[in-house]
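Enquirer: One structure coming up, written as C-alpha cells, with questions to follow.
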Amino acid sequence: MYVAIMGYGVVGSGVASLLEKNHEHIVKKSMQSEMELKYILDRRTFPGDPYEHLVISDFSKILEDDGVKIVVETMGGVHPAYEYVSACLNAGKSVVTSNKELVATKGCELLRIADEKNVNFLFEASVGGGIPIIRPISQCLAANDIDEIAGILNGTTNFILTKMISDGMTFEDALFLAQKNGYAERDPSADVDGFDACRKICILAALCFGKHVYPDCVHTEGIRKITLADVEYARSWGGVIKLIASAKKLDNGKVSVMVSPAFIQNHSQLATVDDVFNAILVRGDAIGDVVFYGKGAGKMPTASAVVADVIDCAKHMERKKFFGWQDSEPGYVADYLDNITSFYIRGTTQNAAAAIARINSLFGDVQMLTRANAPEGEFAFATDPLSERELDKKLALIEEAEIASVIRITDY
C-alpha cells in the first residue's frame, strides 16, 4: 500500500521521517503487509534531501495512482488544499490532515464526501498538535454527554503571556522573543489575534456537539491589548490571564463559542499551563473535568499524530469509521452579547470619588482591585455576572472615567 504527502514543510517532512524511522512498527500496527511513501507533492525542489527522488509537482500523479490509498495533507490554508483533498476523497482515497483552517471551514463537507465514498477523513493533528484530543473525545469519552470544552489552544500566545506574567515583559518584548525563538511568525496575526485558537475550538465544538461551527460565527479577541497593568491586577485578584477558547452547549439547542483573554484563578488546572504548552479541558456529565496537556505544536509531536491517523486509515481500509458531524443552520452559534459572565474592568479618571460612586450605582457592590505603584486616577474592579449586552450599556453611562480594559472572568 502506498502513501503520498502533499506539502513538504515542517510537518510534512516530519511525517516522511517518522514513516521511515518507525517503518517496521508502523506497518505492524497498520495490519498491512507493507506501507511505502511514494510521492511528496510540493512546488519547491529539495536538492540533497533524502526524499528528493519522491518530490513531484503534478497533483494528478497522486490522484490517478490507484495504489495510493492514503494521502497526507500538510499544505496549510484552504486553497488549493480543499480542492486536492476533496478530489482525493472522491477518488476513493482516505485523507489525513493537520490543517486546522481546512477542517474548521470545510470539515463538514469533506466528512460527507468521505462518508459517501466509504473512506476516511481524519485530523487528529489539527487541534493540539501531538496532544491526543480528537480520538479521546470521539471514542474514550463517547459515553459522556459533553456540555462544555475550553482551553489554552495556542502555544505562541501562551508563551507571550507567560513572559508577561513571570518576567514582567511588555507584550511587544515578549512577542519579539517568541519570534526570535521561532514560536511566532514574522506576521503573528493568526496567533496573537486569536484566529488559530478560533479554528481549533470550532473543530472541538463540532466534534463535541455534533454540528459544524464556522469560524466567522465565533467572537474572537486576541491578546494585543493586554498590558502589564492588567497582569498585575489579575495577580491582585488571585489569578492569571490566559487566552481561553471555549464552547458550551446551551439549553435552547444553540452553542456559545468564544475566544478571548480571561482571568482564571490560581487554583485552576489551566492557570499553571505555561510557555508553549497547551491544555484542553473537557467537561462531561459522567467523568467530570478531564484535562489534556502537552506541547500543542512542533515537527515531531504533530507528525506523530498524523502518522497515528495514517495507521488508523490503514486498519480501516474499505470501511468507514463512524466519525463526524452535521452541518449547522444559521443562528446555531449564539450571539456573544447574550453571554453571562463576570468582568474585570480597568479605567482612568480625573474624579475618583465621582467615578467610583457611578460604578457602584451601576454595578452594585463591586470588588475593587489594587496594584503597586498604580498611577493617580487609575482604578480597577471585578463585577458580578451580567450579560455582555448589559455591560456595554452600563459602561457607556460612566461619563466620569475612560475605560481602558475589559477582560472576562471564567470559572475554569
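Enquirer: Rounding to the nearest 10 and keeping the result within 0 to 90°, find how far the Cα-based axis of helix 81-90 lies from the longest principal axis of the chain.
Expert: Once rounded, one gets 50 degrees.
Enquirer: Residues with beta-carbon under 11 Å from that of Glu329, excluding Glu329: net charge, scoring Lys, Arg +1 and Asp, Glu -1?
Expert: Here the charged neighbours net out to +1.
Enquirer: Related question: Would you mind classifying the chain by shape? Square roots of the alpha carbon gyration tensor eigenvalues, ordered a ≥ b ≥ c; an a/c under 1.5 is rounded, otherwise it is prolate if a/b is larger than b/c and oblate if not.
Expert: Because a/c hits 1.5 or more and a/b exceeds b/c, the chain counts as prolate.
Enquirer: A further question follows. Mind listing the Cα extents of region 196-236 along all three principal axes, in Å, largest one first?
Expert: That works out to 40, 19, 13 Å along the principal axes.
Enquirer: Now, a different point. Within 12 Å, Cβ to Cβ, of Ile165, how many net charges do the neighbouring residues add up to if Lys/Arg are +1 and Asp/Glu are -1?
Expert: Here the charged neighbours net out to -2.
Enquirer: What do you reckon, how do Asp58, Asp411, Asp365 stack up by accessible area (1.4 Å probe), largest on top?
Expert: Ranking Asp58, Asp411, Asp365 by accessible area, largest first, yields Asp365, Asp411, Asp58.
Enquirer: Still on this structure: For region 282-375, which chymotrypsin sites (Phe, Trp or Tyr not before Pro) are in a loop by DSSP, counting at most 11 other Cβ atoms within 10 Å?
Expert: Phe322
Enquirer: Would you calculate a helix-derived [θ] at 222 nm for the chain, using -39,500 (n - 2.57) for each DSSP H run of n ≥ 4 and dividing by the full residue count, to the nearest 500?
Expert: -10500 deg cm²/dmol
Enquirer: When a/c reaches 1.5 or more, the comparison of a/b and b/c decides; with that in mind, is region 30-99 rounded, prolate or oblate per its Cα gyration tensor?
Expert: oblate
Enquirer: From largest to smallest, what semi-axes in whole angstrom does region 125-267 give when each is the square root of 5 times an eigenvalue of its alpha carbon gyration tensor?
Expert: Taking √(5λ) for each Cα gyration eigenvalue gives 28, 17, 14 Å.
Enquirer: I need the calculated FRET efficiency for the pair Val291 and Ser166, taking r as the beta carbon distance and R₀ as 22 Å, to the nearest 0.05.
Expert: 0.55
Enquirer: Between Ala396 and Ser57, what FRET efficiency follows from the Cβ-Cβ distance if R0 is 60 Å, with the result rounded to 0.05?
Expert: The formula returns an efficiency of 0.60 here.
Enquirer: Report the extension gain between Arg235 and Ala354 in nm, rounded to one decimal, defined as 0.36 nm multiplied by the number of residues separating them, less their alpha carbon distance.
Expert: 40.2 nm
Enquirer: Something else now. Please compute the length gained on full extension between Lys38 and Asn22, using 0.36 nm multiplied by the number of residues separating them and subtracting their Cα-Cα distance.
Expert: 4.1 nm
Enquirer: Turning to a different aspect of this structure: Of all beta bridges DSSP finds with both residues in the chain, what is the antiparallel percent, to the nearest 5?
Expert: So the antiparallel bridges in the chain amount to around 65 percent.
Enquirer: Can you tell me how region 213-263 classifies by the Cα gyration tensor, rounded, prolate or oblate, using a/c under 1.5 as the rounded cut?
Expert: It is oblate, given that a/c is not under 1.5 and a/b is not larger than b/c.
Enquirer: How far is it, in nm, from the label point at Gln269 to the one at Asp216 when both lie 7 Å from their Cα along the line to the Cβ?
Expert: Spacing of the two 7 Å Cα→Cβ label points: 3.6 nm.
Enquirer: Given charges of +1 on the Cβ of Lys and Arg and -1 on the Cβ of Asp and Glu, with all other atoms neutral, how large is the dipole of region 1-79 about its Cα centre, in debye to the nearest 20?
Expert: Charge dipole of region 1-79: 220 debye, to the nearest 20.
The values are calculated or read from the model by the stated rules, or taken from the named source; none is laboratory data. This is a predicted model, so every value here is computed, not measured. We place every Cβ from the backbone using ideal geometry, glycine too, and count neighbours over all the protein chains shown. Areas reflect the complete protein model, heavy atoms only, side chains present, ligands, DNA and RNA absent. Shrake-Rupley method; radii C 1.70, N 1.55, O 1.52, S 1.80 Å.
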